[in-house]
1. Write out, first by first residue and then by second, each pair whose Cβ atoms fall under 6 Å of each other, whose residues are 6+ apart or on separate chains, and whose first residue, in region 181-209, is farther than 26 Å from Gly264 by Cβ while the second is surrounded by fewer than 16 Cβ atoms within 10 Å (Cβ to Cβ) and among the β-branched types (Val, Ile, Thr).
2. Are any of the residues in region 51-58 touching a helix residue (DSSP H, G or I) at 6+ places or on another chain (Cβ under 9 Å), open to solvent by 10 Å² or more (accessible area, probe 1.4 Å), of a type in the set (Lys, Arg) and farther than 23 Å from Asp109 by Cα?
3. Under 6 Å by Cβ, and 6 or more places apart or on different chains, what pairs join a residue from region 132-161 that is closer than 15 Å to Ala59 by Cα and modelled with pLDDT of 95 or more with one that is β-branched (Val, Ile, Thr) and open to solvent by 30 Å² or more (accessible area, probe 1.4 Å)?
4. When residues of region 105-154 are filtered for being surrounded by 22 or more Cβ atoms within 10 Å (Cβ to Cβ) and over 18 Å from Glu72 (Cβ atoms), how many remain?
5. Could we say that Thr164 is open to solvent by 10 Å² or more (accessible area, probe 1.4 Å) and not charged (D, E, K, R) here?
6. Out of curiosity, is Arg56 in a helix (DSSP H, G or I), charged (D, E, K, R) and in contact with a Phe, Trp or Tyr (Cβ under 8 Å, 6 or more places away or on another chain)?
7. Would you please list the contacts, defined by Cβ atoms under 9 Å and residues six or more apart or on different chains, that run from a residue in region 239-266 that is free of Cβ contacts under 8 Å to residues at least 12 places away in the same chain to a residue that is polar (S, T, N, Q) and surrounded by fewer than 16 Cβ atoms within 10 Å (Cβ to Cβ)?
Amino acid sequence: MDIGFCGAGLMGGPMVRRLLSAGHRVWVWNRTPAKAQALHADGAHRVETPRELADRVDAVFLCVSDAHAVGEVVFGLGGVIGEDCADAGAGRIRHIVDHSSIAPDATRDYAARAARLGVAWIDAPVSGGVPGAEAGTLAVMAGGAADDIALLAPAMGAYAARVTRMGQVGAGQTTKLCNQAIVCATVAAIAEAVGLAERCGIDAARLPEALAGGWADSVLLRTFVPRMTEPGHAPLGSLKTFQKDIDAVADAAREAGAVMPLAGQLQQLLRLAAAMGLANADLAAFVDVVHPRRG
């Protein structure tokens, strides 16, 4: 399949490499040209604007920072199906797969705009982080028409262990909010446990070993305790991403009438992190918010 990929950064780069390894032809664009150029050596073709993808590929995959970025890449000046173009909606492209994490309402709005131009939209946020993208074990939670998801699922299988259709457009993003609520709360709890262990004179780095096989054991425990107790790990993401997602969780809960008191507590912790200058710090920096022991 001929695939366009917008967003060749921390997550997008490994995803593109997996697509190439699976035999797909991939054209890439990133607002930082050097990131796209780095993938050229792996066999990807680089384009100067997202609009160049419309006549070259069957589907465009997105993995960008937020809803504004999605809108600009798809509908903005020089966008994939930018409404400023005289031939908007024309060309080869028939599907957009959005791996970004954005609000369900924004997703439904974008999908309606794309449909008017003859392009189907799949919201397909992912979980598993950079390690999952590199290993091809991401979990994809998808929203959209069943036939569209079935058509694109084999391509997504290059970097995903599973693609689960959760419903119509927007359902994937709602599922990702559930995922982020669980992940963020768990990482905060792990940070508190690390802090408690250290305050009590226990070697917190041994928590994964001690808790292995018990109910507290998890991928998150095994991933984040080493990152909270040992220096030198490559970043997995930033706390400002958690803040964006938890704000979206709180908004969705308010609109749906769902009771989520933990989400409110997490919002406060993440705002405190930003006030402490940790917005761009790795996710493991949660430990420095709940247990400020360094410096």
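The values are calculated or read from the model by the stated rules, or taken from the named source; none is laboratory data. The shown structure was predicted, so the numbers you read here are calculated from the model rather than taken from an experiment. A quick note on method: Cβ atoms are made from the backbone with ideal geometry, for glycine too, and the neighbour counts reach across all protein chains shown. Accessible surface is based on the protein model in full, side chains and every heavy atom, while ligands, DNA and RNA are left aside. Shrake-Rupley method; radii C 1.70, N 1.55, O 1.52, S 1.80 Å.
1. No pair meets every condition.
2. Scanning region 51-58, I find no residue that is touching a helix residue (DSSP H, G or I) at 6+ places or on another chain (Cβ under 9 Å), open to solvent by 10 Å² or more (accessible area, probe 1.4 Å), of a type in the set (Lys, Arg) and farther than 23 Å from Asp109 by Cα, so the answer is no.
3. Gly144/Val169; Ala153/Val163; Met156/Val163
4. Number satisfying all stated conditions: 13.
5. On the way: open to solvent by 10 Å² or more (accessible area, probe 1.4 Å): yes; not charged (D, E, K, R): yes.
So Thr164 fits the description; yes.
6. Details: in a helix (DSSP H, G or I): no; charged (D, E, K, R): yes; in contact with a Phe, Trp or Tyr (Cβ under 8 Å, 6 or more places away or on another chain): yes.
No: the conditions fail for Arg56.
7. Hits for this filter: zero, empty list.
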